[in-house]
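Right, one structure below, let's go through it.
The values are calculated or read from the model by the stated rules, or taken from the named source; none is laboratory data. These numbers were taken from a predicted model, which means no experiment stands behind them.
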Amino acid sequence: MYAHLSLTPLISLLAGILILVMPKLLNFIVAVYLIIIGLVGLFGVGAMRFN
């Protein structure tokens, strides 16, 4: 069985939970989120193989 796991929804969920718990972290979380999404867009998820 193969389970496809997407990175973007997991990061979004984690960021949303952290923002709800600690609203003062909003700027930091958004900046980190954008950096991660940018890196995934540049290098692609296929480049990150966990074998």
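Here are some notes:
- Filter result for the condition that a residue is modelled with pLDDT of 80 or more and not aromatic (Phe, Trp, Tyr), over Leu25, Leu5: Leu25
- Checklist (1) modelled with pLDDT of 80 or more; (2) not in a helix (DSSP H, G or I) applied to Leu13, failing item: (2)
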